[in-house]
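*Asks:* For reference, the structure I am asking about is given below.
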Amino acid sequence: MKHTQQLSKLCLLLSLFLFSLSTHAQLSGGGDLNPDLKAPQKAQEKWMDLRVGLSVHWGPSSLGGKEISWSRDRKIPKETYDNYYKSFAPTKFNAEEWAKLMTRWGIKYMAPTAKHHDGFCLWYSDHTPYDMENAKYKVDIMKELSKACKRHHIMLGTYYSNLDWYHPDWAPYNFGGPGPLIKKQDDSPNLERYFKFFENQCLELINKYDVDFIQFDGEWDTTYTHEVGSRLYRVFHKAKPEILLNSRIDIGRRSVGKGNHLYMDGLKYAGDFQDRERLVNHGNNVTAWLDHPWQAWVTIDKKQWSYNKTPQLMESDELIRDMVGVVGNNGNYMINLGPRPDGSFEKEQIALMDSLGNWLHTYGKAVYGTRGGPFYPYKGGVSTRKGRDAWLLVTDPTITQLHLPALDQKLLSAKVYGTKQKVTWTKENDQWVFDLSNIEDMGPVRVVALHFKNKVQLSAIKKVLSTYEIEGATKLTKEVTVKYSSISDAIEAPIQLEKLLGDATIRDFSFESTPEKKPSIELDLQKERKVYGIEIHRRILKLNPDMKQLQVSISNDGKTWETIWKAKKLREKWDVPFSITDMGATIQGRSVRYIRIELDANKPTTLSFSKLSIYTK
């Protein structure tokens, strides 16, 4: 039976869903198994200052022109794939030339796929014969890159796959299973032996080539555990305390779903920075991870990461705007290229990267060493800041009047970047309005330089918080109605509800459904409102151990619903941002009338809240 009632305890907050500066120590480090271990903040800040990096997916598989690793035993027969190393002759690979190109492109750090899922190693490894020492053309690629990057002041890291489809000790066997060069033992697969191999190889990369960070990948198999990742995090930080290890050293991403980068538990799972992997322009909502170091990991070819004979390349304006949107969202931008089998880059990709480099050499002051803000991403652009300076980076060419929240900071001047041309700005109520109509064509991004009296800070959180008890919520609850899939007999009648709220021993009891497989609660705000997010407090006494998924959906007509958030792990509280992504920038706030919260469970269970808050205007 459907029931409609007033929501018993509802908080309406007027707020922007904002970043915070206080979460650095909470969202990175060794997790719950290494609570006192984390990378030095100085190392994280140094990496964040670099802002623009290069990823290179490369190896013998480039001879086949299909995706590295993923084509093995699929698009390319296993035997053919595994024998590519015998023909791999990157005679045009020149680390010095690569470093010069990176400098030209504005690249400040780089990471090649030292070992991808196919197990081939781009260095001379003491722990496997499946490496460059046995390739047709013998060159230690990691050694050469290490020397060249040091000469050109480029930070060198590496990609390393947690799993290894070639190695007989990894399990499960996938994409063709073990290859011929590593002898399969009687007790293979043997994970204990494999993880020692994993450890030894990474220590080689740290000790022989002095890598500053490692991008792990391939933590999705259940044979890779939280305990294994936590132990390896400790081992590698002992070898080099300042090394940065991405969050895929542990299983935080897997715990919330491979595509979910927002709700990883940074207190439980290890990692010093986060990779948000996408082909291109998938967007990255970063607000939930705040100042936690992260990077967008994007490939210039929209179809493939490694060498592709028929790539679908980004446009130059698209590449620049994508990078700007990520940096304004307080992230690093790592662009990926797939070299040819001979070690050279395609001319079209060089030209695209030159366009990025030319832009960065002109406007780099607004990118390198900056942090996102002081304004949070807005429709058509972002902002960055450093010291007493800030920059508006406007990616929408149609904007002539830019309206942004007024800051409690004294703005001294606004000028077109690199010129003395003033940009007129006025204050209207609680907004600053910048007149962009007289700015001449600046290419894909218009840049306005702002200078402040003091060091620029993120805009302060401004919110009005009103907590309504049932007797004081008359006006509010006349505006908001709630439809339940069911409701517990304990709180069905309003008079009983008032009594419950008045009893301190059960004060956290606000709403509870009867046991169902898919209990839900639906809020009708009566009209479309700009909602920035909701905050769900779970009733602590109700653990809901059979929960499969909690999800939030929105609608404007009550018929067509869009699911905007999902969670698969129990928490005492969930923060659910309402946002959209425009040109790589995250814009907070969605116009909605209906909000539905639904629990999917393995067997009948209750949906229970102690408090529900809505952030709105």
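The values are calculated or read from the model by the stated rules, or taken from the named source; none is laboratory data. Quantities reported herein were computed from a predicted structural model and do not represent experimental measurements. Neighbour counts are summed over all protein chains in view; Cβ atoms, including those assigned to glycine, are modelled from backbone coordinates with ideal geometry. Surface accessibility is based on the protein's heavy atoms, side chains included, excluding ligands, DNA and RNA. Shrake-Rupley method; radii C 1.70, N 1.55, O 1.52, S 1.80 Å.
*Asks:* Suppose R0 equals 45 Å; then what is the FRET efficiency for residue 80 and residue 41 from their Cβ-Cβ distance, rounded to the nearest 0.05? Provide the component values of the computation, followed by the final result.
*Replies:* Working: r = 48 Å, r/R0 = 1.06.
The calculated FRET efficiency here is 0.40.
*Asks:* Leaving out ligands and nucleic acids, note down the accessible area per residue over the stretch 386-466 with a 1.4 angstrom probe, in whole Å².
*Replies:* Values: 4660 Å² over 81 residues.
Each residue of the stretch 386-466 exposes 58 Å² on average to a 1.4 Å probe.
*Asks:* Let me ask something additional. Considering only protein heavy atoms and a 1.4 Å probe, what is the carbon-and-sulfur percentage of the accessible area of the stretch 341-396?
*Replies:* The computed percentage sits at 52.
*Asks:* Which whole-number value in Å² is the accessible area per residue of the stretch 55-193, probe 1.4 Å? Display every interim value, and only then the final one.
*Replies:* On the way: 5520 Å² over 139 residues.
Roughly 40 Å² per residue, with all protein chains present.
*Asks:* Let me ask something additional. Which value, in debye to the nearest 20, describes the size of the charge dipole of the stretch 47-146 about its Cα centre when Lys and Arg Cβ atoms bear +1, Asp and Glu Cβ atoms bear -1, and nothing else is charged? Before the final figure, lay out each step's value.
*Replies:* Details: 15 positive and 13 negative charges, 74 e Å.
That gives a dipole near 360 debye.
*Asks:* On a 21 Å Cα-Cα criterion, which of the cross-link pairs 303/569; 138/303; 66/86; 138/347; 150/196 come out too long? Let's see the in-between values first.
*Replies:* Values: 303/569 32 Å; 138/303 30 Å; 66/86 18 Å; 138/347 25 Å; 150/196 29 Å.
Among 303/569; 138/303; 66/86; 138/347; 150/196, the Cα-Cα distance tops 21 Å for 303/569; 138/303; 138/347; 150/196.
*Asks:* List the residues, sorted by chain then number, that are 5 or more residues from residue 381 or on another chain and whose placed amide H is less than 5 Å from its amide H.
*Replies:* Under 5 Å from the amide H of residue 381: 395.
*Asks:* Which cross-chain or sequence-distant (5 or more) residues have an amide H under 5 Å from the amide H of residue 119, H modelled 1.01 Å from N in plane?
*Replies:* Residues meeting the amide H criterion: 165, 166.
*Asks:* Let me ask something additional. Whenever you get a sec, line up 217, 317 from highest to lowest accessible area (probe 1.4 Å, protein heavy atoms). Present the calculation step by step, with values, prior to reporting the outcome.
*Replies:* Values: 217 10, 317 70 Å².
Sorted descending by solvent-accessible area, the residues read 317, 217.
*Asks:* Shifting gears a bit: When the accessible area of the stretch 54-130 is split by element with a 1.4 Å probe, what percent falls to carbon and sulfur? Walk me through the intermediate numbers first.
*Replies:* Details: 1220 of 2630 Å².
That fraction is 46 percent.
*Asks:* Return the carbon/sulfur percentage of the accessible area of the stretch 154-281, one whole number, probe 1.4 Å, all protein chains in place. Intermediate results must be reported in sequence, preceding the final value.
*Replies:* Details: 2250 of 4280 Å².
That fraction is 53 percent.
*Asks:* Decide, for the stretch 119-174, between rounded, prolate and oblate: order the square roots of the alpha carbon gyration tensor eigenvalues as a ≥ b ≥ c, take rounded if a/c falls under 1.5, and otherwise choose prolate if a/b is larger than b/c, else oblate. Numbers along the way, then the final one.
*Replies:* Numbers: a/c = 3.70, a/b = 1.74, b/c = 2.12.
Because a/c hits 1.5 or more and a/b fails to exceed b/c, the stretch 119-174 counts as oblate.
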